[in-house]
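The structure appears below as structure tokens.
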Amino acid sequence: MYDFYKNRIKELEAHSRFRFIRNIEKKEGKYIYINGRKLLNLSSNNYLNFADDEGIVREFLNTGGDRFSFGSASARLLTGTLPVYKELEQLLCDMYKKEAALLFNSGYHANVGINSSLAGKGDVIFSDKLNHASIIDGMKLSQGKFFRYPHNDMEALERLLKRERGNFKNAVIVSESVFSMDGDIADLRKLVELKKKYNGILILDEAHAFGVFGKNGLGVNETTGVTGEVDLIVGTFGKAIGSTGAFVTGRRVLIDYLINSARSFIFSTALAPVNIAFSMWIIENKLASTYEKREKMLALGRKLGSESHIIPVIVGENDKTVELCDILFQNGYFTLPIRPPTVPAGTSRIRLSLTTDITETDMEKLCSITGLTGKETAAL
Ligand code: PMP
């Protein structure tokens, strides 16, 4: 009865695509301990080092964080909303100068809920080909039709809009700002221009940029100056903020619509109050003072050939990528092979993600092993 699954796993193993959960023994600042070895952690989304920092946790608990419980006991629309949830939503509205905001349990929940509900029967979604799996899953659940345009290709997007827009009622354009696997950045001004020209709604997923880009940490929308023109901005607390959960912010009418139709919001127990309070405390008290460190991290990323703190080292074949990770492991670096279906076939890679305490010196040996020069693209 299980033969199908056994064979599928064997197939994955044969193609160096089998995934397994690693035994991480300990995390300590920028280091991670695996198999008794201390390794520089280049595979973390803990960009500002707020997650698992004992000092930060203690400070949060001592400043009143210990008032919050570890269970919400209910979905938000039932009894799962305490004042702190609305306070965090209000804080996000104020930061983005938007009418409303809504918390989701994760970025995955947010993207699935938003993309599946915003476009219904007779509507259309235009999505960057490299958008995150959660956006793709949301579109698949939607009753609308979706088109995936070539990555960051604004001319191709416009051609699609020209050809297809007239065949549908509502249109949604969705893109990440900093792309999670490539570290490059969408052309936000052009996306705004196109959504206006073709009368659509623009959703921007700032998962990897929220807390990192901009003086206020709002994301690339802030550094590009288009915050007011993006209809829905999505951000996660599980990366730079070092917590868990996510939000979307925009016009009241769209947020009310999501409250009434996003099933991943409606039908899931709300995050624990302690998580909501921790996200809020980090944003209110810690984010602003990280600006210089964040800018330095981004400068190092650019020096290594990327547009952000995420640097892809594209190898191509799955087995070669796994091999290179092993070599880096032996040399004190923890990196992970990123393979299909996370990235397109033939573009397997090592995704390096910087955190603010990683220095240029930390990266020297890695650069000589991988041949990463940073002069052109971060590809071998
Ligand atoms: N969007 C993007 C672009 C992501 O990279 C991720 C996480 N890898 C998510 C959404 C999902 O966020 P979360 O981890 O909070 O579910």
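Brief remarks on what is shown
- Note on the stretch 192-208: residues that are of a type outside the set (Val, Ile, Thr), part of a strand (DSSP E or B) and touching a residue at least 60 places away in the same chain (Cβ under 8 Å) amount to 1.
- Scan the stretch 70-89 for residues that are loosely packed, with under 12 Cβ neighbours inside 10 Å and either touching a residue at least 12 places away in the same chain (Cβ under 8 Å) or among the hydrophobic types (A, V, I, L, M, F, W, C) (or both) and the total you get is 1.
- Some residue of the stretch 116-127 being more than 20 Å from residue 196 (Cα to Cα), crowded, with 21+ Cβ neighbours inside 10 Å and more than 16 Å from the ligand (Cβ to nearest atom): yes
Condition check ((1) at pLDDT below 95; (2) within 26 Å of residue 210 (Cα to Cα); (3) not assigned by TED's automatic domain parsing to the domain that holds residue 108) across all residues:
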site: 257; (1), (2), (3): no, yes, no
site: 280; (1), (2), (3): no, yes, no
site: 310; (1), (2), (3): no, yes, yes
site: 317; (1), (2), (3): yes, no, yes
site: 330; (1), (2), (3): no, no, yes
site: 336; (1), (2), (3): yes, yes, yes
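- Matching entry among 134, 180, 127 (being polar (S, T, N, Q) and assigned to a helix (DSSP H, G or I)): 134
- When the stretch 137-156 is filtered for residues that are touching a helix residue (DSSP H, G or I) at 6+ places or on another chain (Cβ under 6 Å) and assigned to a helix (DSSP H, G or I), the ones remaining, listed by number, are 137, 138, 139, 141, 154.
- Residue 205 within 16 Å of the ligand (Cβ to nearest atom), at pLDDT 95 or above and under 19 Å from the mean Cα position of the chain (by Cα): yes
- Among (1) surrounded by fewer than 22 Cβ atoms within 10 Å (Cβ to Cβ); (2) within 12 Å of the ligand (Cβ to nearest atom); (3) at pLDDT 95 or above, the one test that residue 149 misses: (2)
Yes/no matrix, rows are residues, columns are (1) under 23 Å from residue 22 (Cβ atoms); (2) more than 18 Å from the chain's Cα centre (by Cα):
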position	(1), (2)
222	no, no
258	no, yes
274	no, yes
279	no, no
306	no, no
321	yes, yes
338	yes, no
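- Of the residues making up the stretch 308-319, those that are within 20 Å of the chain's Cα centre (by Cα) and crowded, with 22+ Cβ neighbours inside 10 Å are 308, 309, 310, 311, 312, 313.
- Residue satisfying all of: in the stretch 157-177; crowded, with 16+ Cβ neighbours inside 10 Å and in a loop (DSSP other than H, G, I, E, B); farthest from the ligand (Cβ to nearest atom) among these: 168
- Residue satisfying all of: in the stretch 219-252; more than 16 Å from the ligand (Cβ to nearest atom) and under 20 Å from residue 109 (Cα atoms); surrounded by the most Cβ atoms within 10 Å (Cβ to Cβ) among these: 250
- Search result, residues across the stretch 47-78 that are assigned to a loop (DSSP other than H, G, I, E, B), touching a Gly at 6+ places or on another chain (Cβ under 9 Å) and of a type outside the set (Gly, Ala, Ser): 47, 48, 49, 50, 52, 53
- Qualifying position, being under 24 Å from the mean Cα position of the chain (by Cα) and either away from the ligand (no atom under 16 Å from the Cβ) or on the phi > 0 side of the Ramachandran plot (or both), among 82, 102, 91, 78: 91
The values are calculated or read from the model by the stated rules, or taken from the named source; none is laboratory data. Note that the structure is predicted; figures quoted are calculated from it, not measured. Counting neighbours? That spans all protein chains shown, and the Cβs are built from the backbone with ideal geometry, glycine included.
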